[in-house]
Every structure is written in structure tokens, then in C-alpha cells.
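*Asks:* Below you'll find the structure I mean.
The values are calculated or read from the model by the stated rules, or taken from the named source; none is laboratory data. Nothing here was measured: the structure is a model prediction, and the numbers come from that model. Cβ placement follows ideal geometry from the backbone for every residue including glycine, while neighbour counts extend to all protein chains displayed.
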Amino acid sequence: MALRPFCSGVLRRRSALSAATALGSVTACLVASLPHTAHAQFRPQAMHINTGRTTSSDEPATFQADKVDYNDVEHTVTWTGNVQVWQGDHVLRADKIVYDRDTGVIAARGNVATVQPDGSVMYAHYAELTGGMKDGIMLHVNATMPDNAKLAANGMRRTGGKVNDMSRAVYTACEICEKDKTHPPFWQFRAFNATQDLEHQKIDFRDAYLDILGIPVIYLPYFSMTDPSSKRRSGFLMPGITPHDRYLGTYITIPYYWVINQQSDLTVQGLFATHTGPQVSGIYRNMLNFGQLNIRGAIAYDTHRPESYTNGFGSNVRSGGNHGIQGHVFANGDFAINRYWRAGANINIASSANYMRDYRVQGYGSDTLNSNAYLEGFGTGSYSRLDGQYYQGLNQGVIHNSDLPFVLPRYTYSFTGQPDILGGRFNLNTTDFNLKRSNGVSDQRGELQLNWNRPFHTKMGQQFLLTLRLDSMVYRARKLYQQPTYYNTSHTIVSGQVLPTIALKTNWPFVRTFEHGRGSQLIEPIVQGIYAPNTGGGLNDLIPNEDSMSYEFTDSTLFSLNRYQGTDRLDGGLRGNVGVHANWTWDGHIVDLLAGESFQEHITHDMLPYSGLDHHASDVVARAQVMPSQFFDFTARMRLDPHTTKFNFADALFSAGVPHFRIRGGYVYEPVTPYYYFATNYRAYSPNQLYTERVSELSGGVSTDWRNWHASGFARRSLSRKEFVSLGGDLGYNNDCFGIDFMYLKQYTTIGGQQRNSTYLVTISLKTLGAFGLK
């Protein structure tokens, strides 16, 4: 309500008084004109300061009360009945507030509450504030903070609006029992005194106890934590300790978090171990307006001198100089140039695989570290990318760095046109590269792939897809006698291939409904005819092979024009593919089946063994997916050789359970291990035993949860090798503010001549405080 028309005379008579006196004059006017709820605005000093924004003394402060009493003799103003005073983002409310105009002291009683700009609320039985509410005392204080954090104290002294000193303080982030508020929360910090630094956003406790269910379990002479109202604050993070590690021994980690500015930060961690030298690592993050940058790196002094060992091929692997000063850099960034173009890089480099193993650097156990830098653009129906790639081998027993390629540059372009006047759609694709190896084939490739698809259907419901495709590649290669081709030539070869393909695919779905329309049944015969010149697998033309190392003939590639992963090898010849797809769906139940076979005129004898295509009639491929209810689902795939009635490939997954309990299982089978096929010259002698050994692996797991408890276990066992691959389990408890997990993992994989050991991990999480792990 505007006040000037009603009380202008009063304001003129008291114009020489202070802002506090003016407040009393305004109140007297309101008492005369508004006997019930009173409202007013005035301009006192800044009320108080919180982290961030400071309230200006020029901002109007507003009060609201059911009743206002003005005592000109005692120079006091008394507000009673649902009193609220606010200025900017700051709010004070109480049942009764008395303002002394002479001393500037505000005394609030009964359900006192102050609301901070960050949304936290502080309650008290009694508050006495002065200095624009920046100084004062409060009795029986309770504060609610973000993330359900709560802070209570018998008494509190506020100084300068920046520091709150509390006596007999208690802090928790747990829910308080509604039926019995005297019942202790799940965990709490009790301290003789505590200091809340609003400016630096931290809370310090002295002579503190950590209580669990009301029982003291830890005594801390001093403990400091970040104020829950702070989203980001520099300071030390929770340290970690591991009692025993094969390569590090006993080690501790001490991390420090530094907020550089609003968009970037840095985490630095020191690692100190008993079995090797220290390590200093860091993580830098920067969120830019036009992209993001993340850099992880470390430097260490590794005192381990690894021994040589014999790998699975019977070759001796030397230890090398993988000790002394070691380190790694993992960096990635993405940057938008404009709305159509962006650039980026993913750099992953380590001084050695043994260093990554010794210091448990994430990524150890993989075969390679991959790095690339790229420039890519997006258009209407088009995509373009120019990049370079670099690979570093980690499993030196199988892959040496000299065997891995360096690709610079590689160019990829893809274009999909709009439907033309014939109803078809045109596609153009190309992937061109220059690839170099120190030990192995080095080659360049230029490619152009043209594709035209025309779908149509008949009145009887038959669906057709006509495809015209032209693949053309030109190569220049040297050292073809080395891996991965092992050709019998030492000359530099210029070669190429052109393969036109025409294909017609027809689907004829038969659909009916049942269960009064709630279910549907589909039977769909599928027939495809493909013709292309017979290419012979590229062997006769001495064509390099960089992107078609493996051949995958399963239900997912039964109707693919090219069943190789890339285009260095192409499926040619005359062939027909047939299959039957069936589906039943009703009331959330699903049964989906597919079976098919391929018939080819030409047989490529240099194709990988067990490809499923080494006869005119291929292996039979099939897939089954069964989900009869939410309590069970099953998916299986297989490839059966009709000539020997043996399985050349099979895998299956199932999951079954009820609420709070579930079991899972899986199985995979292959007669060979395809990874090792190109590791040796398989044309010169029989493939190594690593390749010919079967893959027959069984896996399973179980998980359960009940209220706040959860548990799980899993195991993988190689039936062909008659040993476990891995096994482990997890047991934990979580509630609204506390979590504890016990995890066990055993891995039997041998990497770098060493078999992995067991890992035990205990993690304790306290909401708003962080997590502490013991490994």
C-alpha cells in the first residue's frame, strides 16, 4: 500500500530523524489508518550479507504484521502476529518483533525464521540482531539447508553477516523421525562448537563425534566440510587408502579440488605407495561457450623392473625400460566452429602398459589406446569427416606398437538424397585413407560407393526393395608379405576392384488378430536375390585388407549385401537368401522367431574357416526372442552347419525373477578364437593353438534387494579351458543419507605375463559429506 498520501505530514515533521525513527513514524501512521493487518516499506541499512549477493541499503525493506504498536516514550516499535520483514532476497519472520530505535537492536521471539537467498532457512526460539541484521545472537537454532541437510545448535553468534559461531552443534543429512523427534538420526556430527563461514562456504567442527544410530563411533578433534549451499568450492576431498596392492603395496591418495572460475576446475591428487615411487595426477575440466575440454594426466617415478615372459605363441617378450619417470595424458575436446562444422580430438597416450598396470590407470587391460583428431560437418542429408588416428598397443605379448597403423589422413563422406521421380533414393559414400605401419602393410585407398534403393508394394501386400549398388576402390600398397595379409610378394602393388550389385528383396507379411483384437500374429516369408561378379575374396588381385578382418554371418547379416564389416572385402557372385519371420504379441507377451539360409553359386575358398559359407548351401542361422511375461525373457541366436549338424556359433541370454529377486545367465560358443587369426601367417603353417581353441563360456548372476539392502553375485567360466574367467559379488545397504557397499572381484585373465589378482572394495557414503573407499 502506498503511504505518502496518508502520512506525508508525519514524514515532514520527523525528516531529521534516522531511518529507524522514520520506521517508527510510518508505523504510527499505520496504527491510526489500518487497525488490522499492517504493511509498509522503508529504507534501512542492509539487512545482512550472505554468500554471493549483498543487499543494498537503498532497496526498500517491507514489513507485514497483524498488529503494530508504537511507543514514542521508549522509542520502540513492536510488531506482533505473523510478522514478516523482507528486503531483496532476505526474509525474517517471527510471532513478535521489537525494534529499539535508539540502539538499532531487533529482538524477535516465537517461531523465528530467517530465509537465506540460497533457499536455506534458519529457525530459532529467540533472536537479537543489530547492525542491519548482520550481527547478533540466536538461541536454540535449527537450520535447513540444500540436500536435506540440517544444522542445530544451542546458541549462535553472528558476526558481520559472514560468520556464525555455534555452541553444542549437531549436523546431519538424514531424515528426522516424525513420530519421535528425540530419536537420533541414522548418523550425525555432534561438536562442542562449530563455525559456519558464509563467505568461504565451509563449516568447521571442533571436538566432534560421529554418531551412528546415536552411538559415538569416531572422535575427531577437528573436522571441516563444505557448506551444503555451495555447489563448488576449493578444498581437499576425501582421502583414500588401500592396505595392499600387488604392485603399489599399501598406498594412500590425497586429492585437492580447485575451482578456477565458473566454467573450469582442476583436481590434483598425490599417490604415495610403499612398493614404488609417488605419482601426481590431475584432471582439468573446462566448459566453454562453444565446446568442452577435459584433460587427465599424471607423472610418476616407477621403480618396478618388469621381467620378460613367454606369450601364448611361444615368443619371448622382453621387459623393456618401463621404469623410472613414467606418465600418461588422456585428453578430449569438442569445439563448435559454427552450426554446420565442429572439430575435436581424443588423445590417449601412456609411457608404457606396465606403468598403467603398476599405478592402476584406467584403460589398462584393453588391447590398444586409441587417439584421433577430427573435423566434421553436417548438412541436409550429408555428413563429412576428416581425421587422423593413432594406436598404442598395451598387450605387448600379442600386439606391438610397430604392428599398429598410423592413419593420416582419413576422409569419410556420406550423402542421402531426396526421393526422385522414380520413387527411389540415392546414396553416396566414400572412406579414403593413408595408412602406415613400421612392421606390416602400408597402403592408401580411394573409394566410391553409389547406392540406389526403390521400395514398392503390390495390392496383395507384398513389399519389394530394389537395390542397385556400385562399389569401386583403388589401392596402392607395399610390404604385402607382412601382416595382416601375408601375400607372397615383396613389390609395391597398385590394384583395385569394381563390383556392381543388383538385389531384389521381397517380404510378404500375413497378419491376423486374436483375443478380440488384443493380440496379433505375423508370418512373414522373406526372399532376396543378389547378383554381383565373383570377386574371389581379393586374394588373386593382391588387395590389402584393413577394415574386413572378420566375417560375420548371422541372423543380423543374412540379408546384407556385404557381410564383411568393411569394404576391402566384398561379397560377390550369384546368391539367394531365404528366411521366415514369425511374431506373436498379446497382452504384453512377445514371441519373435527368425530362421534363414543363403545359397550361393560361387564358394570363396580363402574365406575364414567356420564362416558358415564354405558350401553352396550355407549354415542355417536362427534367432528366437521369448518374453512371456515381465518375469522372464529369453534371447538365443545360432548358426548350424547342415552338412555336419554341428553348431558353428551360438549364444543365449535369459533373465528371470520376481520383484526383489532376479537371476540372469548366458552362454556363447564359437569353434575358433577369431582375434588371433591374423596374428600369425596362417598360410605358411597351421594356425596357432590360440586361434583353434574353442570359445565355450557360461556366465550367470543373481541379484536381490529388500528395503534398503541389496546383494548380487556373478561368475563367468570357460568350459573349453576348464577355468573361471571372473567372479565376484556385491553386498550393500543404502538409505536416505548413508550407504555402505562391500564388493569382491576376481579376474583370471593373464595380461602382460601376469595374472590379475583379487580386489576387495569397501565404500562408505555420507550424504553431503562424500564417499570414503578402502580397496
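*Asks:* From Ile295, Ile260, grab the single residue that is at pLDDT 90 or above and under 19 Å from Tyr359 (Cβ atoms).
*Replies:* Ile295
*Asks:* Among the numbered conditions (1) more than 22 Å from the chain's Cα centre (by Cα); (2) aromatic (Phe, Trp, Tyr); (3) crowded, with 17+ Cβ neighbours inside 10 Å, tell me where Phe330 comes up short.
*Replies:* In the conditions (1) more than 22 Å from the chain's Cα centre (by Cα); (2) aromatic (Phe, Trp, Tyr); (3) crowded, with 17+ Cβ neighbours inside 10 Å, Phe330 misses (1) alone.
*Asks:* Which members of the stretch 348-366 meet the condition of being surrounded by fewer than 17 Cβ atoms within 10 Å (Cβ to Cβ) and at negative phi?
*Replies:* Within the stretch 348-366, Ile349, Gln362, Ser366 meet the criteria.
*Asks:* Residues that are aliphatic (A, V, I, L, M), exposed (fewer than 15 other Cβ atoms within 10 Å of the Cβ) and either in contact with a Gly (Cβ under 9 Å, 6 or more places away or on another chain) or within 20 Å of Trp258 (Cβ to Cβ) (or both): does the stretch 285-294 have at least one?
*Replies:* The answer is yes; a qualifying residue exists.
*Asks:* Say we look at the stretch 510-533 and pick out the residues that are assigned to a loop (DSSP other than H, G, I, E, B) and charged (D, E, K, R); which of these is modelled with the lowest pLDDT?
*Replies:* Only one residue fits best here, namely Glu515.
*Asks:* Continuing with this model, one more query. Could you identify the single residue in Leu408, Leu422, Leu386, Leu404 that is at pLDDT 95 or above and aliphatic (A, V, I, L, M)?
*Replies:* Selected residue: Leu386, the only one of Leu408, Leu422, Leu386, Leu404 that is at pLDDT 95 or above and aliphatic (A, V, I, L, M).
*Asks:* For a quick check of your reading of the model, give me the residue pairs whose first member lies in the stretch 710-726 and is among the β-branched types (Val, Ile, Thr), whose second is exposed (fewer than 14 other Cβ atoms within 10 Å of the Cβ) and not in a strand (DSSP E or B), with beta-carbon atoms closer than 9 Å and at least 6 apart or on different chains.
*Replies:* Val725/Thr749
*Asks:* Let me ask something else about it. Go through (1) over 28 Å from Gly700 (Cβ atoms); (2) of a type in the set (Asp, Glu); (3) free of Cβ contacts under 8 Å to residues at least 24 places away in the same chain and name the single condition Asp651 misses.
*Replies:* Failed condition: (1).
*Asks:* Sticking with this one: Residues Arg190, Arg232: which one is over 30 Å from Thr759 (Cβ atoms) and either in a loop (DSSP other than H, G, I, E, B) or outside the structural domain of Ala152 (by TED's automatic domain parsing) (or both)?
*Replies:* Arg232
*Asks:* Moving to a separate point now. What are the residue pairs meeting all of these: first residue in the stretch 472-484, first residue under 20 Å from Thr431 (Cβ atoms) and touching a residue at least 60 places away in the same chain (Cβ under 8 Å), second residue hydroxyl-bearing (Ser, Thr, Tyr) and assigned to a strand (DSSP E or B), Cβ atoms under 8 Å, and 6 or more apart or on different chains?
*Replies:* Cβ pairs passing all conditions: Tyr475/Ser495; Ala477/Ser442; Ala477/Ser495.
*Asks:* While we're looking at this one, here's another question. Collect the residues in the stretch 550-572 that are touching a helix residue (DSSP H, G or I) at 6+ places or on another chain (Cβ under 9 Å) and of a type in the set (Gly, Ala, Ser), keeping them in residue-number order.
*Replies:* Within the stretch 550-572, Ser550, Gly572 qualify.
*Asks:* Within 41 Å of the chain's Cα centre (by Cα) and of a type in the set (S, T, N, Q), is that true of Asn507?
*Replies:* yes
*Asks:* Using the structure shown, decide if Tyr219 is aromatic (Phe, Trp, Tyr), assigned to a strand (DSSP E or B) and either at pLDDT below 90 or over 27 Å from the mean Cα position of the chain (by Cα) (or both).
*Replies:* So Tyr219 fits the description; yes.
*Asks:* For the stretch 710-766, name all the residues that are β-branched (Val, Ile, Thr) and modelled with pLDDT of 90 or more.
*Replies:* Once the filter is applied, which keeps residues that are β-branched (Val, Ile, Thr) and modelled with pLDDT of 90 or more, the stretch 710-766 yields Val725, Ile740, Val762, Thr763, Ile764.
*Asks:* Can you pull out every residue in the stretch 367-399 that is surrounded by 18 or more Cβ atoms within 10 Å (Cβ to Cβ) and of a type in the set (Asp, Glu)?
*Replies:* Scanning the stretch 367-399 gives a single hit, Asp387.
*Asks:* Is there a residue being of a type in the set (D, E, K, R) and under 24 Å from Ser315 (Cα atoms) anywhere in the stretch 394-408?
*Replies:* Scanning the stretch 394-408, I find at least one residue that is of a type in the set (D, E, K, R) and under 24 Å from Ser315 (Cα atoms), so the answer is yes.
*Asks:* Is it the case that Leu210 is assigned to a strand (DSSP E or B) and surrounded by fewer than 16 Cβ atoms within 10 Å (Cβ to Cβ)?
*Replies:* no
*Asks:* List every residue pair whose Cβ atoms lie under 7 Å apart, where the two residues are 6 or more positions apart in sequence or sit on different chains, the first residue falls within the stretch 420-442 and is on the phi > 0 side of the Ramachandran plot, and the second residue, located anywhere, is of a type outside the set (Asp, Glu).
*Replies:* So the pair list comes out as Gly423/Arg454; Gly423/Phe456; Gly440/Lys479; Gly440/Gln482; Gly440/Gln483; Gly440/Pro484.
*Asks:* Moving to a separate point now. Can you name the residue in the stretch 221-239 that is touching a residue at least 24 places away in the same chain (Cβ under 8 Å) and touching a Phe, Trp or Tyr at 6+ places or on another chain (Cβ under 7 Å) and is also farthest from Tyr760 (Cα to Cα) among such residues?
*Replies:* Going through the qualifying residues, I end up with Ser234.
*Asks:* Could you say whether any residue in the stretch 406-426 is under 32 Å from the mean Cα position of the chain (by Cα) and within 30 Å of Thr749 (Cβ to Cβ)?
*Replies:* Checking the stretch 406-426: at least one residue is under 32 Å from the mean Cα position of the chain (by Cα) and within 30 Å of Thr749 (Cβ to Cβ).
*Asks:* Give me the pairs, please: first residue somewhere in the stretch 688-704 and touching a residue at least 24 places away in the same chain (Cβ under 8 Å), second residue anywhere and in a helix (DSSP H, G or I) and buried (at least 17 other Cβ atoms within 10 Å of the Cβ), beta-carbon distance under 8 Å, and either six or more positions apart or on two chains.
*Replies:* Asn688/Tyr676; Leu690/Tyr676
*Asks:* While we're looking at this one, here's another question. Do any strands (runs of 3 or more DSSP E) entirely within the stretch 694-775 hold 1 or more residues that are among the polar types (S, T, N, Q), and if so, which?
*Replies:* By residue number, 695-706, 709-718, 723-734, 738-747, 758-766.
*Asks:* Considering every residue within the stretch 756-763, establish whether at least one is polar (S, T, N, Q), out of contact with any helix residue (DSSP H, G or I) (no Cβ under 7 Å at 6 or more places or on another chain) and under 30 Å from Phe223 (Cβ atoms).
*Replies:* yes
*Asks:* Of all residues in the stretch 333-367, count the ones that are at pLDDT 90 or above and either part of a strand (DSSP E or B) or aliphatic (A, V, I, L, M) (or both).
*Replies:* Selection size over the stretch 333-367: 17.
*Asks:* Next question, about the same structure. Restricting to the stretch 49-77, give me the number of residues that are modelled with pLDDT of 85 or more and aromatic (Phe, Trp, Tyr).
*Replies:* 1
*Asks:* Do we have Gly312 as in contact (Cβ under 8 Å) with a residue 12 or more places away in the chain, of a type in the set (Gly, Ala, Ser), over 16 Å from Arg357 (Cα atoms) and assigned to a strand (DSSP E or B) here?
*Replies:* no
*Asks:* While we're looking at this one, here's another question. Have a look at Thr267, Thr253 and point out the one that is surrounded by fewer than 16 Cβ atoms within 10 Å (Cβ to Cβ) and closer than 24 Å to Ala771 by Cβ.
*Replies:* One residue alone meets the criteria, Thr267.
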